[in-house]
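The values are calculated or read from the model by the stated rules, or taken from the named source; none is laboratory data. This structure is a prediction, so every number in the text was calculated from the model and none was measured. Here Cβ is always computed from backbone atoms with ideal geometry, including for glycine, and neighbour counts include all displayed protein chains. Each accessible area value is taken on the protein alone, full model and side chains, heavy atoms only, with ligands, DNA and RNA left out. Shrake-Rupley method; radii C 1.70, N 1.55, O 1.52, S 1.80 Å.
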Amino acid sequence: MPEESGAQAAVVDTAVTAYVLRLGDDALIASHRLAELVARAPQLEEDVALANISLDLLGQARALLGYAGRTEEQLTGVLRTEDDLAYLRAENQFVNCRLVELPNTDFAHTTARQLLFSGYAFELYSALTHSTDETIAGIAGKAVKELSYHRDHAARWTIQLGDGTDESARRMAAALEAAWPYVDELFAADDVTRTVAGAGVGADPARLRPAWDAFVDGVLEPAGLERPEVPPITGLAGKSGRDGVHSEAFGFLVAEMQHLHRSHPGASW
Amino acid sequence: MPEESGAQAAVVDTAVTAYVLRLGDDALIASHRLAELVARAPQLEEDVALANISLDLLGQARALLGYAGRTEEQLTGVLRTEDDLAYLRAENQFVNCRLVELPNTDFAHTTARQLLFSGYAFELYSALTHSTDETIAGIAGKAVKELSYHRDHAARWTIQLGDGTDESARRMAAALEAAWPYVDELFAADDVTRTVAGAGVGADPARLRPAWDAFVDGVLEPAGLERPEVPPITGLAGKSGRDGVHSEAFGFLVAEMQHLHRSHPGASW
Amino acid sequence: MTSTETPPRAAPEGARERFDAVIAAGERVEPRDWMPDDYRATLVRQIAQHAHSEIIGMQPEANWITRAPSLKRKAVLIAKVQDEAGHGLYLYSAAETLGVGRAELLDLLHEGRQKYSSIFNYPTLSWADVGTIGWLVDGAAITNQVPLCRCSYGPYARAMVRICKEESFHQRQGFEILHVLAHGTPEQHAMAQESVNRWYWPSLMMFGPPDAESAHSEQSMAYGIKRFSNDELRQRFVDMIVPQADALGLTLPDPELRWNDERGHYDFGPVDWAEFKQVLKGNGPCNRQRLAHRREAHAAGAWVREAAQAHAAKRARRAEREHRASEGGAA
Amino acid sequence: MTSTETPPRAAPEGARERFDAVIAAGERVEPRDWMPDDYRATLVRQIAQHAHSEIIGMQPEANWITRAPSLKRKAVLIAKVQDEAGHGLYLYSAAETLGVGRAELLDLLHEGRQKYSSIFNYPTLSWADVGTIGWLVDGAAITNQVPLCRCSYGPYARAMVRICKEESFHQRQGFEILHVLAHGTPEQHAMAQESVNRWYWPSLMMFGPPDAESAHSEQSMAYGIKRFSNDELRQRFVDMIVPQADALGLTLPDPELRWNDERGHYDFGPVDWAEFKQVLKGNGPCNRQRLAHRREAHAAGAWVREAAQAHAAKRARRAEREHRASEGGAA
């Protein structure tokens, strides 16, 4: 039954493309939010560190978006480059989780977002080092080393702020509470994740959660912080970041990011 | 010598186009900065008032940009609409003064910008009601009534803040000091202003200054504020807003304003 | 009288009877008239919620002002948001006739102790949402509000007449925005459809829970504050928008939507009240954001309001001194 | 000895002679060596100004990170600004070897009592400015700084070796950005040319006033801190960039620029020192903005720095308690 297995292979390829795009968008937007802070950090060492993390994530994003474009080309015959994907998609064509687009309200909010996201991404890429897709496994092998540092960095600051002054503890707790409703979205399963996990290409998000929980608890305890008791934020009729449904703030990020590129159609840089 | 007078007429028409574009850009950007504040004002009455002023200025901008496009068409044979001019020019093709692009740092900064700008625009459009160009005279006749209200509104707030609490007086003084270096640019003459003033189409900016000075002094006195003793800000090798040289903040304003329009080339709205 | 009614305090002789007669006759209660405490409380709650909805409702639309895709649309949008601020002003004034000041009501809003329409806890994610809010959200609001123009409390009824007139104008503008998009480029059409898909169900939820579960409604009906049930209004709304969607060339995301000849109405599928309840409880996409935005704007404006008060007080003192000096001079 | 020199305090026997011999031999002075007070003061002033320039210089480039037109360029730009933060770190550390802490120097910067390179008071108004800053501003900086790699003070000289290496890399990247633009669409070419027109003269001003008017220079030369005069360096820079501009296909905005066979150098027109002086006095396009940005970032980060200190103190106390407890247990 070559036809049927061909159709099945196309389903998997489509899911892989969608999956890699999600990974790429997570990294791209997480990188962008950190890049906004360069030359605005609380101290010079943090300007270096945040730029460093932003760069790592941007490197991951470029590898992933490039690969998403190439796998898409296999299906459609049309190649979209990393820049086409970053600069020429509409807001609702980005499929990053909403967590990474949360604004840098203050350094505690940045830290909370990084803690929750890099804790997740570390587990994810650890799993993806075993991907049956060699490109993904290769990207994951590099990413997991970087994310280990990102995770440590966020953990260190969470502890310093949680176990610092009264003000820093208050801010860190508020920031965690603001980011927490976006956590469930990281671990949500849908057809895409089920297909890629089934094919051994991607990871089952639910399986990542226990290790993530242990990591986060292991940071909150010495930080003197509690797990926020806030329910997840709803989507829109069940749709959320993975479906292209984002926050209002995201539109401004996209406008700023794309304006120059879109102002010069077809130009090279 | 019909040829020579033809060439001279073209010089005047070119200057008129440039002049009307400046007026239009001033109104467009002043309107935009106020529009940013809608749903963010200190009280509901101000949401209404700022929206109202923003709308008046946008109306002026549309009339002026539309006219600039039509006069340009006479010279080039190519028509640019109000939207082409607002949405499809690069930052350095905007020729507004730098005063109107100053950010809304706080309500005092908004008030200072509005006081200095609407005081100037009121004198300018009062003069332009006598323009030999009927379109300009017509636009000015409507604008001057609107600007009289804008000027009163800014004057009232300058007095309330200057003669309010210690904090408001301090903020209002700081805001005036921040905006003041951009005043000289309003009254600067160049080939364009000289040509249009000579042709009776435009106003000689220097002539507007005494009445502006009297107006501003008449507000500062009851506000208990002093004229800031700060020198004008330099341009770049003598170039400033009228030459397309703006502030860094202006680029972000333009990106936000244009992104959606530029994302849909050729679409109608 | 229902058992939940608070007994009127210090009702003058025959006041209750006169009040009941006014309600029964479908006439208007005015601010200086005696009224039962629970009538007043119901009205304050409803007018405040309505006023809060107007000012919170400015946010999702103001979100697109600086990015409006043409200068004409930008002007129309600014004017619309300005109208909403104006509606807020009328409504807070109507509440003031019942003895509750705007500052007090804003505090209750900012503390999360009074509600606003839950529809504004959804985000505006594309320019098309500006059109859809005008068409569906304002359309639903009008359906809710037109009967309030005949509400028994005079100041509220009169505010509603003016508001409904402006809202109809907004609804037509929203429809027009969507019409242009639906007939524009394929990307614009898709933008319009995606927007309608997101807002359709939330707009049906604007009429509140099904009649069987609705609190407050019965007494409000008896008092002439409410005149139709939630489900009646919802049906009226659906009947109105289905042909309008056809005219737009857009579909409504309900496969069960179809004309029912017997009922003379459109049937429609079940509303997902679970999501509605989550949003009501504060877990919608923008609940925190909307309140935080309001609180921040209010806090950032505190020094301005204080300055205005301080200045007014100074002027009053100066006027007083001058008055005394001139009297002294005259003496 | 010049008359302005402060007499050395408590110089150990023969210290001055050893210092002079080190300078004369072109060897390195190290932190623990004795040094004259004015040598130390000159170095602190210069290193601090250099460090401040690195961190203020992050702003005009960071201004374009979020709008970079390709992901590759965005990565290169983030890395560059990160390098500048790193340069700031080395240089503040070099200043610390002279007994002045970073916090103290930052306070002096924020209070406007220490300067930074005036070039950063010009705005970055287009993407091309990112290229032009790399090519012209970093190019001028390198011309100024390469001789500092042989500076008499060891820690500063070593910091400069590392910094110059990275700056050369940045200069090549800037050149490449401009090269792509100059050979791109007509709009891109125009963007590059407009940018070079704005930055050319300010970059010549980076070498400081003409030698005849330059303060500080003579003593700095004698101490082996400075090795070439302002005018010598400016000429060296012009000689370097003229052929590079040709290679880019861009013109430099000086009609008097031409090769002088006799001098073996390019002649160039007079610099407008009047504008330079206005910018130095604080009236340039971005003086207020740059300092305000720094002050705001520093103030916004105060609670973070305090938290880190408080946490470190808590940890130290806990370690101490545990240490005592274990000793108590052992006893």
**Report entry** Filtered residues of the range B:239-258 (kept if more than 9 Å from chain A (Cβ to nearest Cβ) and acidic (Asp, Glu))
**Finding:** B:243, B:248
**Report entry** Given (1) aliphatic (A, V, I, L, M); (2) more than 17 Å from the chain's Cα centre (by Cα); (3) over 18 Å from residue A:249 (Cα atoms); (4) open to solvent by 10 Å² or more (accessible area, probe 1.4 Å), index of the condition residue A:127 fails
**Finding:** (2)
Requested in this report: Could you grab me the full set of residues in the range A:74-83 that are surrounded by 14 or more Cβ atoms within 10 Å (Cβ to Cβ) and over 19 Å from the mean Cα position of the chain (by Cα)?
Outcome: A:80, A:81
Requested in this report: Kindly indicate which of D:312, D:307, D:302, D:297 is without any contact (Cβ under 8 Å) to a residue 40 or more places away in the chain, of a type in the set (A, V, I, L, M, F, W, C) and open to solvent by 40 Å² or more (accessible area, probe 1.4 Å).
Outcome: D:312
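With the condition kept exactly as written, say whether any residue in the range A:106-121 is among the basic types (Lys, Arg) and surrounded by fewer than 21 Cβ atoms within 10 Å (Cβ to Cβ). Please lay out each step first, then the result.
Quick first cut of the range A:106-121, residues among the basic types (Lys, Arg) only: A:113.
Applying the additional criterion that residues be surrounded by fewer than 21 Cβ atoms within 10 Å (Cβ to Cβ) yields none.
No, because not a single residue in the range A:106-121 is among the basic types (Lys, Arg) and surrounded by fewer than 21 Cβ atoms within 10 Å (Cβ to Cβ).
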Report summary line: Contact list, first residue from the range A:208-228 and assigned to a helix (DSSP H, G or I), second anywhere and open to solvent by less than 60 Å² (accessible area, probe 1.4 Å) and among the small types (Gly, Ala, Ser), beta-carbon distance below 6 Å, six or more apart or interchain, is A:212/A:119; A:215/A:119; A:216/A:119; A:219/A:155; A:223/A:162
Requested in this report: Only residues in the range D:174-203 that are hydrophobic (A, V, I, L, M, F, W, C) count as the first member; pair them with residues that are open to solvent by 40 Å² or more (accessible area, probe 1.4 Å) and not in a loop (DSSP other than H, G, I, E, B), Cβ under 8 angstrom, at least 6 apart or cross-chain, and list the lot.
Outcome: D:175/D:244; D:181/D:189; D:182/D:189
Query - Number of positions in the range C:30-56 that are touching a Leu at 6+ places or on another chain (Cβ under 8 Å), surrounded by fewer than 22 Cβ atoms within 10 Å (Cβ to Cβ) and assigned to a helix (DSSP H, G or I) - result: 2
Report summary line: Of (1) assigned to a loop (DSSP other than H, G, I, E, B); (2) more than 20 Å from residue D:119 (Cα to Cα); (3) within 19 Å of the chain's Cα centre (by Cα), residue D:220 fails just (1)
Query raised in the report: Out of (1) within 28 Å of residue B:94 (Cβ to Cβ); (2) in a helix (DSSP H, G or I), the odd one out for residue D:78 is which?
Result: (1)
Report task. Select the helices (runs of 4 or more DSSP H) contained entirely in the range C:96-207, then report the ones holding at least 1 residues which are away from chain A (no Cβ under 14 Å). Result -> C:102-110, C:128-132, C:138-145, C:154-182
Requested in this report: For residue D:166, state whether it is within 24 Å of residue D:249 (Cα to Cα), open to solvent by 10 Å² or more (accessible area, probe 1.4 Å) and not small (Gly, Ala, Ser).
Outcome: no
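State all residues of the range A:169-178 that are open to solvent by 20 Å² or more (accessible area, probe 1.4 Å), touching a helix residue (DSSP H, G or I) at 6+ places or on another chain (Cβ under 8 Å) and more than 9 Å from every other protein chain (Cβ to nearest Cβ); if no residue qualifies, say none.
A:173, A:174
Yes/no matrix, rows are residues, columns are (1) hydrophobic (A, V, I, L, M, F, W, C); (2) farther than 14 Å from residue B:254 by Cα; (3) more than 10 Å from chain C (Cβ to nearest Cβ):
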position	(1), (2), (3)
B:7	yes, yes, yes
B:44	yes, yes, no
B:51	yes, yes, no
B:73	no, yes, yes
B:78	yes, yes, yes
B:83	no, no, no
B:104	no, yes, yes
B:107	yes, yes, no
**Report entry** Residue in the range D:211-226 that is more than 14 Å from chain A (Cβ to nearest Cβ), basic (Lys, Arg) and touching a residue at least 40 places away in the same chain (Cβ under 8 Å) present
**Finding:** yes
Query - Among residues of the range C:217-234, those that are open to solvent by 20 Å² or more (accessible area, probe 1.4 Å) and under 12 Å from residue C:148 (Cβ atoms), counted - result: 3
Report task. Please find, among A:93, A:60, the residue that is closer than 15 Å to residue A:19 by Cα, more than 7 Å from every other protein chain (Cβ to nearest Cβ) and open to solvent by 60 Å² or more (accessible area, probe 1.4 Å). Result -> A:93
**Report entry** Qualifying positions in the range B:151-168 - buried (at least 20 other Cβ atoms within 10 Å of the Cβ), out of contact with any Leu (no Cβ under 7 Å at 6 or more places or on another chain) and part of a helix (DSSP H, G or I)
**Finding:** B:151, B:157, B:159, B:160, B:161
Report summary line: Note on the range A:194-207: residues assigned to a helix (DSSP H, G or I) and within 15 Å of the chain's Cα centre (by Cα) are A:205
Query raised in the report: Is at least one residue of the range A:13-32 open to solvent by 40 Å² or more (accessible area, probe 1.4 Å) and under 27 Å from residue A:127 (Cα atoms)?
Result: yes
Report task. Could you tell me whether residue A:181 is at pLDDT 95 or above, more than 14 Å from every other protein chain (Cβ to nearest Cβ), under 27 Å from residue C:198 (Cα atoms) and open to solvent by less than 40 Å² (accessible area, probe 1.4 Å)? Result -> no
Query raised in the report: Taking the range A:229-265 only, how many residues are outside any helix (DSSP H, G or I), modelled with pLDDT of 95 or more and small (Gly, Ala, Ser)?
Result: 2
Query raised in the report: Consider residue C:90 against the criteria (1) in contact with a Lys or Arg (Cβ under 7 Å, 6 or more places away or on another chain); (2) open to solvent by less than 30 Å² (accessible area, probe 1.4 Å); (3) hydroxyl-bearing (Ser, Thr, Tyr): it satisfies all of them except one. Which criterion is unmet?
Result: (2)
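Of the residues that make up the range C:128-144, is at least one open to solvent by less than 30 Å² (accessible area, probe 1.4 Å) and within 16 Å of residue C:94 (Cβ to Cβ)?
no
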